[in-house]
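The values are calculated or read from the model by the stated rules, or taken from the named source; none is laboratory data. Please read these numbers as outputs of a predicted model, since none were measured by experiment. Every residue, glycine among them, receives a Cβ derived from its backbone with ideal geometry; neighbour counts consider all protein chains shown. Areas reflect the complete protein model, heavy atoms only, side chains present, ligands, DNA and RNA absent. Shrake-Rupley method; radii C 1.70, N 1.55, O 1.52, S 1.80 Å.
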Amino acid sequence: MAANIQDVAREAKVSVSTVSRSFTRPDLVSAATREKVLHIADELNFSISRSAAALKSGRAMRIALLMSDHIRLWFNASVIEGLNQVFHPQGYDLSIFQISSIEERREFFEMLPIRRNADAVIVSSFDVDAQEIAQLATTRVPIIGINCVNPQECGFTAAVNIDDEQGSQLTARHLIALGHRDIVYIRTERAVSLHFSVQQRYESFVASCQEAGIEPSIIIAPEGPNRISTIITELLSRPTMPTAIACQEDGIAIPLIFQLERSGYSMPSDISVLGYDDSFYAHDVGLTTVRQDPIDMATIAARQTLALISGEKLERPFEMVPAQLVVRSTTTRLTK
């Protein structure tokens, strides 16, 4: 016969309510007591009913996460890891919604107030409009942004962002200080406009170059498995190769370096290449890049979320994380 909550309470020598709180309201139980209760519950193969816990607390015990692009990408996977590190011990599930168009995003927000199936919404790397925020207001569901454009102006409850404007200024000024004038910037562009945060990187980089009297060339990286080959073709079709290439993200910069090397170019003696993210393998290939830590940003956002769900007022609801330029071996001073 399966163990019940009374069995766990008896073995742990605590009250039934303490067992219940250990699962549903861990903040009300000491760490030592909760650890003992969960250990005994595990030995007895007991798990509390999620529906019962949700009914008692009035919460869904679920956080909705809206993401664009593939979950397997470095940034998205890191955000999920950071959120789970905070939410899982508190008994919250994470429901992931991949949003690929404005229509899908609008449908999500239209249905959320009816279903009331999430205690908060976290939006990663794109924003929502004022009408969608207003739809959330009727359910008092907080909306938290991670690397979203103008979150405060758009009506987010809280957000954590890397300073993309500062990051792109650092990359542009780094290349300019090394003497580069023939600069290419490689960015992505999708058919639908979800106002991805990388737009701010692009605009800031171009503005910094223009302030120095430089007009960088822009290459749009297409979607799909052949995008790096397409970029190489466009680069080789130019009258001359640029002396420096700045990429919107490491996911473009790293494979581009390998393709350029296969085409006979050496980095950085022939071309300086610069990325953005400091993601997987950036250190291994010696990529000069801007460092951001999506796991850290996600943990901050998760703590903001739990505080807002509990009705707390945040002292600093909008966090801005400084960017950091990491100079490695793929950029050098122009000697030509």
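The condition of being open to solvent by 30 Å² or more (accessible area, probe 1.4 Å) and either modelled with pLDDT of 95 or more or under 15 Å from Val86 (Cβ atoms) (or both) holds for only one of Ile300, Ile257, Ile271, that being Ile300.
Take the residues in segment 220-235 that are under 24 Å from the mean Cα position of the chain (by Cα) and open to solvent by less than 60 Å² (accessible area, probe 1.4 Å); name whichever of them is nearest to Ile176 (Cα to Cα).
Here is the first cut: in segment 220-235, the ones under 24 Å from the mean Cα position of the chain (by Cα) are 220-225, 227-228.
Subsequent filtering for residues that are open to solvent by less than 60 Å² (accessible area, probe 1.4 Å) retains 221-222, 224, 227-228.
Numbers: Ala221: 23, Pro222: 27, Gly224: 32, Arg227: 27, Ile228: 25 Å.
Taking the candidates together, the pick is Ala221.
Looking only at residues that are under 11 Å from Arg328 (Cβ atoms) and in contact with a Phe, Trp or Tyr (Cβ under 9 Å, 6 or more places away or on another chain) in segment 274-290, which one is surrounded by the fewest Cβ atoms within 10 Å (Cβ to Cβ)? So that I can check it myself, show each step before the final result.
First, pick out the residues of segment 274-290 that are under 11 Å from Arg328 (Cβ atoms): 274-275, 278, 282-289.
Retained after the next criterion (residues that are in contact with a Phe, Trp or Tyr (Cβ under 9 Å, 6 or more places away or on another chain)): 285, 287, 289.
Working: Val285: 18, Leu287: 26, Thr289: 30.
Top of the filtered list is Val285.
Here Arg238 passes the criteria (1) modelled with pLDDT of 95 or more; (2) loosely packed, with under 13 Cβ neighbours inside 10 Å; (3) within 30 Å of Arg105 (Cα to Cα) except the one numbered (3).
For beta carbons closer than 6 Å, sequence separation of 6+ or different chains, a first residue in segment 261-285 that is in contact (Cβ under 8 Å) with a residue 24 or more places away in the chain and a second that is open to solvent by 70 Å² or more (accessible area, probe 1.4 Å) and not small (Gly, Ala, Ser), the qualifying pairs are Asp278/Arg291.
Under 9 Å between Cβ atoms, at least 6 apart or on separate chains: pull out the pairs that start in segment 68-89 with a residue that is of a type in the set (Phe, Trp, Tyr) and end on any residue that is in a helix (DSSP H, G or I). Final answer for the pair search is Trp74/Asp250; Trp74/Gly251; Trp74/Pro294; Phe75/Gly251; Phe75/Pro294; Phe87/Ala302; Phe87/Thr305; Phe87/Leu306.
Among the residues of segment 120-172, just one is more than 18 Å from the chain's Cα centre (by Cα), crowded, with 24+ Cβ neighbours inside 10 Å and not β-branched (Val, Ile, Thr), namely Ala172.
Being among the basic types (Lys, Arg), buried (at least 19 other Cβ atoms within 10 Å of the Cβ) and assigned to a strand (DSSP E or B) narrows it down to one of Arg201, Arg187, so name that one.
On the way: Arg201 fails: assigned to a strand (DSSP E or B).
It is Arg187.
Listed by first and then second residue, the pairs with beta-carbon distance under 6 Å, at least 6 apart or on different chains, first residue in segment 192-219 and more than 10 Å from Glu165 (Cα to Cα), second at pLDDT below 85 and surrounded by fewer than 17 Cβ atoms within 10 Å (Cβ to Cβ), are Val192/Ser101; Val192/Ile102.
Specify the residue that is modelled with the lowest pLDDT; the eligible residues are those in segment 45-83 that are open to solvent by less than 30 Å² (accessible area, probe 1.4 Å) and of a type outside the set (A, V, I, L, M, F, W, C). Across segment 45-83, the extreme among qualifying residues is Ser68. Entry remark, segment 96-119: residues being within 15 Å of Cys148 (Cα to Cα) and either at pLDDT below 75 or exposed (fewer than 13 other Cβ atoms within 10 Å of the Cβ) (or both) number 0 in total. For Gln324, the requirement of being closer than 22 Å to Asp164 by Cα, open to solvent by 50 Å² or more (accessible area, probe 1.4 Å) and in contact with a Lys or Arg (Cβ under 7 Å, 6 or more places away or on another chain) is met.
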